[in-house]
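A.B. asks: Just passing along the structure, written as structure tokens.
The values are calculated or read from the model by the stated rules, or taken from the named source; none is laboratory data. This is a predicted model, so every value here is computed, not measured. Note that each Cβ is placed from the backbone with ideal geometry, even for glycine, and that neighbours are counted across all protein chains shown.
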């Protein structure tokens, strides 16, 4: 059994963990072909979907990140998210979803910086750097791709959700991790 984390985008993060949380596969998937102005071409999307299909195996426990609210490229995002979910279904597998805010919350990143009363929202690069630093600190995991780091966090959430459902000891015990797992569990029951 493997635990899969998927961070869908034009560069999709994919991580597979074993039951001990060891990385079996860590890859950034990018569809071959030219991108269209303002979006993704159908041949590029199909190639991305096929890459995911080939990586999936029977009995994989999958968690996939939902589209971020207010995304700027809604059509492209919808095509990618829908296409990747179709590939999971074609493989005869099920998946759980995790909100992008919960992916960050799982490692203690709020998206804000500063002291109470004078907090400001982190910019995209700052948020990505904070998530990368948190993954390194909490899990001793790093990767050159922010998408793969997110997929790793998502895969850990998938593994811990499985352990929670099986009444087995969890790998991750921080309060925010428990809150995220309970929120996902509440949506699946």
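A.B. asks: Read through the list (1) over 17 Å from residue 4 (Cβ atoms); (2) touching a residue at least 40 places away in the same chain (Cβ under 8 Å), then give the number of the only condition that residue 119 fails.
C.D. replies: With (1) over 17 Å from residue 4 (Cβ atoms); (2) touching a residue at least 40 places away in the same chain (Cβ under 8 Å) applied to residue 119, the lone miss is (2).
A.B. asks: In the stretch 56-84, which residue that is part of a helix (DSSP H, G or I) and touching a strand residue (DSSP E or B) at 6+ places or on another chain (Cβ under 7 Å) is nearest to residue 25 (Cα to Cα)?
C.D. replies: Of all residues in the stretch 56-84, those part of a helix (DSSP H, G or I) come to 74-84.
Narrowing further to those that are touching a strand residue (DSSP E or B) at 6+ places or on another chain (Cβ under 7 Å): 75-76, 84.
Working: 75: 29, 76: 26, 84: 17 Å.
Restricting to residues being part of a helix (DSSP H, G or I) and touching a strand residue (DSSP E or B) at 6+ places or on another chain (Cβ under 7 Å), the top hit is 84.
A.B. asks: Go through 9, 27 for me and flag whichever is in contact with a strand residue (DSSP E or B) (Cβ under 6 Å, 6 or more places away or on another chain), outside any helix (DSSP H, G or I) and either free of Cβ contacts under 8 Å to residues at least 12 places away in the same chain or closer than 21 Å to residue 149 by Cα (or both).
C.D. replies: 27
A.B. asks: Now, a different point. I want to confirm something. Restricting to the stretch 121-145 and keeping residues that are at pLDDT 90 or above and in a loop (DSSP other than H, G, I, E, B), which single residue is farthest from residue 159 (Cα to Cα)?
C.D. replies: 144
A.B. asks: So, in the stretch 7-44, of the ones that are more than 13 Å from residue 154 (Cα to Cα) and surrounded by 22 or more Cβ atoms within 10 Å (Cβ to Cβ), which residue ends up modelled with the highest pLDDT?
C.D. replies: 29
A.B. asks: Just to be sure before I move on: is residue 104 surrounded by fewer than 20 Cβ atoms within 10 Å (Cβ to Cβ) and out of contact with any strand residue (DSSP E or B) (no Cβ under 9 Å at 6 or more places or on another chain) in the structure I sent?
C.D. replies: No; evaluated as a whole, the condition is false for this residue.
A.B. asks: Could you list all residues from the stretch 52-64 that are in contact with a helix residue (DSSP H, G or I) (Cβ under 9 Å, 6 or more places away or on another chain) and either surrounded by fewer than 19 Cβ atoms within 10 Å (Cβ to Cβ) or at pLDDT below 95 (or both)? Show your work before the answer.
C.D. replies: Pass one, the stretch 52-64, residues in contact with a helix residue (DSSP H, G or I) (Cβ under 9 Å, 6 or more places away or on another chain): 52-53, 56, 60-64.
Within the stretch 52-64, 53, 60 qualify.
A.B. asks: Next question. Among (1) closer than 18 Å to residue 16 by Cβ; (2) part of a helix (DSSP H, G or I); (3) without any contact (Cβ under 8 Å) to a residue 40 or more places away in the chain, there is one condition residue 93 misses while meeting the rest; what is its number?
C.D. replies: (2)
A.B. asks: Moving on to the next point. When the residues of the stretch 161-180 are filtered to those that are without any contact (Cβ under 8 Å) to a residue 24 or more places away in the chain and touching a helix residue (DSSP H, G or I) at 6+ places or on another chain (Cβ under 6 Å), which remaining residue is farthest from residue 22 (Cα to Cα)?
C.D. replies: Among them, the one singled out is 164.
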